[in-house]
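Notes to accompany the following structure.
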Amino acid sequence: MRALRESAWDKLTRLMLHRTRIQKLLTLDFRIARLIKTRDKKILALSMGAQTMLAFVDLLGILLIGLVGSLSVNGIQSKANNEDFTFRLLDAIGLSGFSFQQQVFALSAATVILFMFKTLASLWITKRTILFVALRGPKFSSTILEYLFAGSAKRVNQYSQQELIQATTVGVQSLTSGIIGNSVNIVSDFLLLIFLGIGLTIFNPSLSISAVILFTGIGLLLNKLMKKKAFSAGSQEMKLQVEGNQKLTELLDSYREAVVRNTSQNFILSIEDSRFGVSGAVASKTFMPYISKYVMEASMILGCFAIAGVQFALFDAKTAIMGLAIFLGAASRIAPAILRIQQALIQINGHLGQATLTIDLLSQANAPAQNIVRKGKSAPLFSHDDFSPSIRIENLLFKYSDENSFEIWIQSLKIEPGSHVAFVGPSGSGKSTIVDLILGIQNPSDGQVLISGVSPMESFQKFPGATAYVPQKISIANRSLRENILLGYSLSDSFDAQVIKALSIVGLTDFLKSLEGGLDAALGESGFKISGGQRQRIGIARALFTNPKLIVLDEATSSLDAQTEDDLSFSIKNLKGEVTVISIAHRLSTVKDADLVIYVSNGQILAMGSFEEVRAAVPDFDNQAQLMGL
């Protein structure tokens with residue numbers, strides 16, 4: 001056994017492990033391996049073990065091919081030596097008493113059956129493995145999104161929208177099927193080569209060394225020449241895909257400006273350039289396997305002549321033909337395996353270029369410090385008896401970064417249940433950042449914010465639907481009116497009464513009646529079928545859908561005309577005493593009746609009190625109110 005471990009095959013195997021870093025791939029990349037759950041690793045190991053066991057079937061089939069070759073020589077020479085290895089083997093398997101033709105037929109049929117069984121079994125195992133690995137993808141995507149939404153806005157905002165889309169779609173596919181799936185197949189094929197190599201070494205060391213040197217040498221050379229190109233092509237494809245998608249999104253979002261400014265063609269040509277780059281990268285990746293295929297085919301032809309020459313030079317005709325037959329049989333299994341390994345390595349390098357961000361995000365999400373708890377779907381609640389719509393802020397400090405001198409500082413602030421509190425001040429003063437801190441979208445550098453006695457995120461999870469937020473820019477999906485109100489909740493007709501009630505509060509009853517299809521009417525991509533005012537009202541109706549006790553309005557009435565704004569403000573005012581309203585507004589007419597007006601400048605609260613008290617305390621605010629005729 002010791003001699004077997006020190007065989008030439010093993011030495012070459014260790015050399016291949018060192019030079020191509022397959023040892024790293026056998027355990028997968030450390031970071032990637034940590035992303036796979038222990039149970040999944042066991043299943044993948046079982047798959048690789050099954051593929052390895054099938055290598056014995058390959059080896060047996062190859063030896064039968066050699067036996068047919070040896071038997072053919074005896075048949076051609078019309079002689080039989082009852083003492084040679086071939087006769088003893090035929091006698092051992094019970095074929096010595098049959099005619100030459102019967103022996104050849106039986107051995108050939110057995111070889112075909114063995115190879116077919118192995119091929120079909122490998123195909124079935126590979127299919128199940130690929131499906132198993134692919135089904136890990138949705139979990140990876142969910143893990144990334146849960147990680148992003150469990151943190152502050154800073155975590156999400158460090159990536160572009162297109163980068164996150166790419167990371168959770170194409171990136172996840174590249175990681176699962178492209179990297180993990182190919183790595184599993186590499187390990188299986190590599191173990192197959194080791195198994196076949198050991199068997200051939202025992203039978204014919206010179207034949208084993210010749211096959212290994214030929215095929216592994218070619219495989220290593222091809223991998224060295226193409227792996228960098230594959231990674232570069234994958235990275236380029238991802239970069240240009242994100243860039244092109246970003247340009248397309250910008251064009252669609254700025255359709256009117258692009259038409260008026262006559263810049264749409266500039267966008268189109270820029271997108272075209274990105275697509276040309278993507279097409280070139282994809283074509284390069286697609287062509288690489290063909291290079292390997294044709295090089296390996298040529299190598300097999302040259303190898304046959306080289307091996308034949310060596311065998312006939314060193315051995316008698318019978319042994320040489322048997323060795324050549326075994327080489328041809330082994331080459332039919334070894335060459336495809338090495339070709340699959342080499343192509344899989346190229347694909348892995350290409351997919352690594354596309355999955356880099358995905359791997360980074362998953363590594364961050366799986367860090368022990370994150371401790372993200374997976375939750376099920378939440379359902380809307382319309383009663384919030386245990387929720388107190390009160391807010392307490394204590395010693396709140398927020399800084400964007402050490403390099404940015406701007407900071408928010410609030411020593412103490414308490415917002416009573418049922419009150420209307422308005423934040424006012426010049427643009428860039430920090431009003432929206434304060435709201436983000438209240439909503440838990442940003443995490444304070446120091447101090448705390450409490451909603452109903454707990455942190456904002458805890459409050460949202462403990463009392464779902466009790467808090468609502470209306471942004472300045474309302475997002476409208478290309479879905480029905482009902483779905484745009486429910487947005488995020490499961491679609492159900494049982495909520496129609498609540499949807500209609502919310503639409504009624506914001507004055508959209510007549511609009512609903514005018515729609516063909518009612519709640520089922522589609523609003524179009526980005527809501528192109530509705531006006532800006534209707535869009536804003538739908539956003540407010542969406543917030544009111546769950547009967548919240550705390551509503552945060554961030555310039556929520558900016559797209560409404562004066563009369564509609566007054567009507568909506570009146571509707572919100574009627575909620576006073578039952579609902580706490582926090583609003584940010586530049587149009588001071590909407591906040592003149594607020595219980596508490598807070599004037600913010602450069603991240604600091606300069607004054608707070610009634611509308612008139614703040615006017616008296618802050619001359620700039622008084623001037624602004626006078627300009628608006630208040």
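Quick rundown of the values:
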| read-out | value |
| --- | --- |
| Only listed residue being in a helix (DSSP H, G or I) and within 19 Å of the chain's Cα centre (by Cα), chosen from L120, L131 | L131 |
| Criterion: out of contact with any Gly (no Cβ under 9 Å at 6 or more places or on another chain), at pLDDT below 70, in the same structural domain as I338 (by TED's automatic domain parsing) and closer than 20 Å to L175 by Cα - qualifying residue of I36, I22 | I22 |
| Residues satisfying the stated conditions in segment 378-405, i.e. touching a helix residue (DSSP H, G or I) at 6+ places or on another chain (Cβ under 9 Å), of a type in the set (A, V, I, L, M, F, W, C) and under 20 Å from Q442 (Cβ atoms) | I391, I393, L396, F398 |
| Count of segment 430-456 residues which are part of a helix (DSSP H, G or I) and touching a residue at least 60 places away in the same chain (Cβ under 8 Å) | 7 |
| Residues within segment 458-478 that are within 15 Å of S432 (Cα to Cα) and surrounded by 15 or more Cβ atoms within 10 Å (Cβ to Cβ), tallied | 4 |
| Tally of residues being part of a helix (DSSP H, G or I) and under 30 Å from the mean Cα position of the chain (by Cα) across segment 483-512 | 4 |
| Members of segment 513-531 found to be outside any helix (DSSP H, G or I) and under 19 Å from F495 (Cβ atoms), listed by number | L515, G517, A521, A522, L523 |
| Test: residue in segment 560-571 that is in contact with an Asp or Glu (Cβ under 7 Å, 6 or more places away or on another chain) and either modelled with pLDDT of 85 or more or more than 18 Å from A466 (Cα to Cα) (or both) | no |
| Criterion violated by E416 - all others in (1) farther than 26 Å from A617 by Cβ; (2) touching a residue at least 40 places away in the same chain (Cβ under 8 Å); (3) exposed (fewer than 14 other Cβ atoms within 10 Å of the Cβ) satisfied | (1) |
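The values are calculated or read from the model by the stated rules, or taken from the named source; none is laboratory data. What you see is a predicted model, and the numbers here were worked out from it, not measured in a lab. All Cβ positions, glycine included, derive from the backbone under ideal geometry; neighbour counts span all protein chains shown.
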